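The values are calculated or read from the model by the stated rules, or taken from the named source; none is laboratory data. It should be emphasised that the depicted structure is a prediction, and the values quoted were computed from it without experimental measurement. Cβ sites come from the backbone with ideal geometry, for glycine too, and all protein chains shown count toward neighbours. Surface accessibility is based on the protein's heavy atoms, side chains included, excluding ligands, DNA and RNA. Shrake-Rupley method; radii C 1.70, N 1.55, O 1.52, S 1.80 Å.
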Amino acid sequence: AALLVQLLAVPGSLFPVLPGLVLLPLGALLWCWAVGFAVGWPVLALACVLLLLGWGADLLGVVLGAARLQASRWAYLGAGLGLLLGVLGLLPALPVGGPLLGALLGPLLGSAVGELLAELIAGSRGALALLRRSGLVGLAVVSGMLVSKLAQALLALVGVAGFVFLSLWGAAAAP
């Protein structure tokens with residue numbers, strides 16, 4: 001059962017509607033409960049470290065994607081709101097596609113609209129340059145999110161492999 005929970009972290013790290021790397025420590029806790037904390041603590045420690053690394057990758061992916069283009073705070077706010085609306089299926093422009101398409105297009109549209117609003121308030125650009133910039137910021141946010149999801153999937157694979165290795169090693173070392 002603990003391995004199954006660990007394995008669910010891999011698709012969960014790719015799809016925003018599923019729990020991701022948080023399943024690694026949950027599976028490790030289940031393992032520790034089954035074999036005892038004296039044997040299972042290395043599995044739990046690895047899972048917690050990978051969870052923290054995954055959260056860091058998520059934060060860096062979104063922040064660095066838009067920071068490269070010096071996006072405004074409105075772009076970040078729009079990306080978060082767009083992700084929420086997209087995952088919940090509340091984007092009126094997306095009658096089909098479900099939460100997966102919404103999770104990609106929501107932040108793109110949200111950050112583009114947020115940057116567009118910031119630029120309109122500043123009033124420093126022409127209409128065409130304004131639209132181009134907001135579209136680029138939207139693409140940067142989404143590309144950062146995709147890179148972060150890939151990093152989280154790799155961390156989940158490392159977590160599952162580490163779980164298998166450490167649980168076999170711990171079971172062999174136990175008296």
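Quick check: is even one residue across the range 30-42 at pLDDT 85 or above, open to solvent by less than 20 Å² (accessible area, probe 1.4 Å) and within 16 Å of Leu155 (Cα to Cα)?
Checked against the condition, which is being at pLDDT 85 or above, open to solvent by less than 20 Å² (accessible area, probe 1.4 Å) and within 16 Å of Leu155 (Cα to Cα), the range 30-42 yields no hits at all.
Among Leu59, Leu51, Leu150, which is surrounded by fewer than 17 Cβ atoms within 10 Å (Cβ to Cβ), at pLDDT 85 or above, under 24 Å from Leu18 (Cβ atoms) and under 12 Å from the mean Cα position of the chain (by Cα)?
Leu150
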